[in-house]
2 protein chains.
Amino acid sequence: MNDDLATRLREQGLRLTPQRQLILRAVVELRHATPDEVLAHVRSQVSSVNASTVYRTLEVLEELGLVRHTHLSDRAPTYHSALEHEHVHVVCRRCQKVRSYDPAVVQPVVDALAADGFVVDVGHLAIFGECADCGSAGT
Amino acid sequence: MNDDLATRLREQGLRLTPQRQLILRAVVELRHATPDEVLAHVRSQVSSVNASTVYRTLEVLEELGLVRHTHLSDRAPTYHSALEHEHVHVVCRRCQKVRSYDPAVVQPVVDALAADGFVVDVGHLAIFGECADCGSAGT
DNA sequence: CTGAGTGCAAAGGGTTTGCAACGAC
DNA sequence: GTCGTTGCAAACCCTTTGCACTCAG
């Protein structure tokens, strides 16, 4: 993963910095994290990394195809490693729990839209609703 | 629609105010609008309506089931009338164009998740990707 | 040694909140 | 008259930006 980073950065004439390594590592380790959480994680290891660096780096990493983001809440976006299997996020609005599903679950939709020439970005997809636990429990 | 508003407000012991009527009307008329756009629209008719009133009112209207919101961009949410047919939003990340689809297109997904007891909020769903126009045009 | 990358502080969008005045019922 | 609602201003969260300094290559 660090090799990927070095390689892809070099391809773009960009530089490998300790911050970029740490931030990528944080995203991988945290699995699903907001910029803020990434910042906290990185800071727990090395003090003095700046929030703006986190934002700028996440943007770079996303352009390099190393991380991805989705919106799992009405607030900050959530980043995850692009090296994981691609997955669809299913979010319970009541308990906030996030479940990952195999992209196969949305394949029919992808196919249906493909018929119109639309290419779905499956990794970005977040499906909201109410999970079994919350639904059965009533209001 | 105004009747709905009056009725539902009364049911909750809430009050019918001119602002609430104007804001609901704005959402209906604009079809897809951010809080900001709603504010601008309302102000074009009556001066002096406050942004916080718009936010508070949209929240109330959503609780009453009269409006709905989705996230069609990384910025402000988009509100629309809940009285329209429920629809799924398909958004092109490149040209930003938003297309509405019949919920039938996602029925297989809804069914698949229902098997796990998860109830999908179809109206909130936004599917991102690249549309035919942008895809064929190349990078 | 040069320019990409960083930290810092300030500004920016969007949203929320406390509070006094207002007005629907 | 009461209490839900509004306007206003300030605060808030999240993110972006300008700039001087730093350090990867």
Restricted to the range B:122-136 and to residues being of a type outside the set (G, A, S) and touching a Cys at 6+ places or on another chain (Cβ under 9 Å), the residue most open to solvent (accessible area, probe 1.4 Å) is B:D133
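Assess whether A:L39 counts as being open to solvent by 60 Å² or more (accessible area, probe 1.4 Å), more than 30 Å from A:E130 (Cβ to Cβ) and of a type in the set (A, V, I, L, M, F, W, C).
Details: open to solvent by 60 Å² or more (accessible area, probe 1.4 Å): no; more than 30 Å from A:E130 (Cβ to Cβ): yes; of a type in the set (A, V, I, L, M, F, W, C): yes.
No.
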Expected output for the range A:1-22 (first residue near DNA strand C (Cβ under 9 Å from one of its atoms), partner assigned to a loop (DSSP other than H, G, I, E, B) and open to solvent by 50 Å² or more (accessible area, probe 1.4 Å), Cβ below 6 Å, 6+ apart or cross-chain) is A:L9/A:L16
The lone condition B:N50 fails out of (1) on the phi > 0 side of the Ramachandran plot; (2) within 9 Å of DNA strand C (Cβ to nearest atom) is (1)
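Only one residue in A:D111, A:D36 is of a type in the set (D, E, K, R) and within 15 Å of DNA strand C (Cβ to nearest atom). Which one?
A:D36
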Apart from one, (1) touching a helix residue (DSSP H, G or I) at 6+ places or on another chain (Cβ under 9 Å); (2) touching a residue at least 12 places away in the same chain (Cβ under 8 Å) all hold for B:H32; the odd one out is (1)
A:C95 passes all but one of the listed conditions (1) assigned by TED's automatic domain parsing to the domain that holds A:G129; (2) within 16 Å of DNA strand D (Cβ to nearest atom); the exception is number (2)
Exactly one of B:S52, B:S73 is within 14 Å of DNA strand D (Cβ to nearest atom), at pLDDT below 95 and not charged (D, E, K, R), and that one is B:S73
Residue hits (the range B:101-139; free of Cβ contacts under 8 Å to residues at least 24 places away in the same chain, within 21 Å of A:L72 (Cβ to Cβ) and within 7 Å of chain A (Cβ to nearest Cβ)) are B:V106, B:V109, B:A112, B:L113, B:D116, B:G117, B:F118, B:V119, B:V120, B:D121
Query raised in the report: Do we find a residue being away from DNA strand C (no atom under 11 Å from the Cβ), basic (K, R) and surrounded by fewer than 14 Cβ atoms within 10 Å (Cβ to Cβ) anywhere in the range A:72-88?
Result: no
Condition set free of Cβ contacts under 8 Å to residues at least 24 places away in the same chain and either more than 22 Å from B:V120 (Cβ to Cβ) or not assigned by TED's automatic domain parsing to the domain that holds B:A33 (or both), scope the range B:48-71, selection most open to solvent (accessible area, probe 1.4 Å): answer is B:R56
Those residues of the range A:76-100 which are closer than 24 Å to B:S73 by Cβ and within 11 Å of another protein chain (Cβ to nearest Cβ) amount to A:A76, A:P77, A:V88, A:V90, A:V91, A:C92, A:R93
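The values are calculated or read from the model by the stated rules, or taken from the named source; none is laboratory data. Just so it is clear, the model here is predicted, and its values are computed rather than measured. Quick reminder, even Gly has a Cβ in these numbers, built from the backbone with ideal geometry, and neighbours come from all protein chains shown. Heavy atoms of the whole protein, side chains included, go into the accessibility calculation; ligands, DNA and RNA do not. Shrake-Rupley method; radii C 1.70, N 1.55, O 1.52, S 1.80 Å.
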